[in-house]
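Report on the following structure.
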Amino acid sequence: MPMSSRIEQIIDELEEYIESCKPKFMSNSEIIVNKDEIDELIRELRMKTPDEIKRYQKIISNKEAILNDAREKAEKLINEATIHTNELISEHEIMQQAYTQANEVVTMASQQAQDILDKATIEANEMRTQATRYTDDRLAELENIVLSAIQNSSGHYQHLIGSLNQYREIIESNRRALQPAEEFEELALEGTSGDGLDIIQ
């Protein structure tokens with residue numbers, strides 16, 4: 001049984017890593033991941049994918065080699081039949097018999113040659129279909145992994161912004177409670193112009 005490709009191994013590693021990640025607090029669907037580890041696996045996938053595709057393209061290119069070999073065998077059979085035909089015809093006494101036998105030999109050789117070409121074409125097309133399907137399946141798995149990573153990252157980012165805004169409102173409320181209204185507004189204006197930061201709502 002052939003060894004699995006590096007892309008398959010990396011996908012397995014990604015699945016194992018995701019399974020090993022700790023779940024997020026109070027969540028059944030979200031997990032905590034190490035960004036560096038995910039980035040490293042995705043980077044290796046991106047590097048290995050062209051090599052894997054080239055390997056399958058090489059398998060597909062073997063179709064031409066199979067067809068060329070079939071053509072050579074067919075030509076050899078026809079040449080042998082032609083030589084045999086010429087030998088039979090050269091004998092004047094059995095010319096008619098030789099002609100009949102020659103036609104039979106050429107017909108048989110042509111049929112065998114066609115059978116070889118048909119079989120080679122079918123095998124080559126099957127190899128190409130299998131290689132193309134396998135490559136597409138691997139790319140689909142990679143696409144789903146990347147999409148999932150993007151969606152998880154987006155959700156975590158929005159959650160972080162929401163939490164920061166809540167903390168800001170709590171701090172602002174506490175400061176307002178400690179200072180008279182006019183003095184608090186002056187301090188707030190000074191703080192905003194000093195740090196140059198805007199909180200996303």
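In segment 1-42, what residues are more than 29 Å from residue 55 (Cβ to Cβ), open to solvent by less than 100 Å² (accessible area, probe 1.4 Å) and not in a helix (DSSP H, G or I)?
21, 23, 24, 27, 30, 31, 33, 34
For segment 24-42, enumerate the residues that are free of Cβ contacts under 8 Å to residues at least 12 places away in the same chain, within 23 Å of residue 142 (Cβ to Cβ) and among the charged types (D, E, K, R).
If the condition is that a residue be free of Cβ contacts under 8 Å to residues at least 12 places away in the same chain, within 23 Å of residue 142 (Cβ to Cβ) and among the charged types (D, E, K, R), then 35, 36, 39, 40 are the ones that fit.
Quick one: which residue in 45, 88, 77 is crowded, with 16+ Cβ neighbours inside 10 Å and either among the acidic types (Asp, Glu) or within 24 Å of residue 143 (Cα to Cα) (or both)?
Every option except 45 fails the conditions.
Counting only residues that are hydrophobic (A, V, I, L, M, F, W, C) and at pLDDT 80 or above, which one in segment 143-176 is nearest to residue 29 (Cα to Cα)?
Step by step, filter segment 143-176, then rank; the result is 145.
Kindly provide the set of residues from segment 136-154 that are of a type outside the set (A, V, I, L, M) and either under 18 Å from residue 7 (Cα atoms) or not in a helix (DSSP H, G or I) (or both), ordered by number.
If the condition is that a residue be of a type outside the set (A, V, I, L, M) and either under 18 Å from residue 7 (Cα atoms) or not in a helix (DSSP H, G or I) (or both), then 136, 137, 138, 141, 143, 144, 148 are the ones that fit.
Do you know which residues across segment 109-147 are among the hydroxyl-bearing types (Ser, Thr, Tyr) and touching a helix residue (DSSP H, G or I) at 6+ places or on another chain (Cβ under 9 Å)?
Residues satisfying the conditions are 110, 121, 132, 134, 135.
Among the numbered criteria (1) without any contact (Cβ under 8 Å) to a residue 60 or more places away in the chain; (2) open to solvent by less than 90 Å² (accessible area, probe 1.4 Å); (3) out of contact with any Leu (no Cβ under 9 Å at 6 or more places or on another chain), which one does residue 170 miss?
(2)
Applying the selection to segment 48-74, what residues are open to solvent by 100 Å² or more (accessible area, probe 1.4 Å) and either over 30 Å from residue 5 (Cα atoms) or not in a helix (DSSP H, G or I) (or both)?
71, 72, 73 - these are the residues of segment 48-74 that are open to solvent by 100 Å² or more (accessible area, probe 1.4 Å) and either over 30 Å from residue 5 (Cα atoms) or not in a helix (DSSP H, G or I) (or both).
Please find, among 124, 131, 140, the residue that is under 30 Å from residue 59 (Cβ atoms), exposed (fewer than 12 other Cβ atoms within 10 Å of the Cβ) and among the aliphatic types (A, V, I, L, M).
140
Can you tell which of 88, 77, 45 is assigned to a helix (DSSP H, G or I), modelled with pLDDT of 85 or more and in contact with a helix residue (DSSP H, G or I) (Cβ under 9 Å, 6 or more places away or on another chain)?
77
The values are calculated or read from the model by the stated rules, or taken from the named source; none is laboratory data. The structure displayed is predicted, hence computed values, not measured ones. As a convention, Cβ positions derive from the backbone with ideal geometry for all residues, glycine included, and neighbour counts pool all protein chains shown. Accessible surface areas use protein heavy atoms only, side chains included; no ligands, DNA or RNA. Shrake-Rupley method; radii C 1.70, N 1.55, O 1.52, S 1.80 Å.
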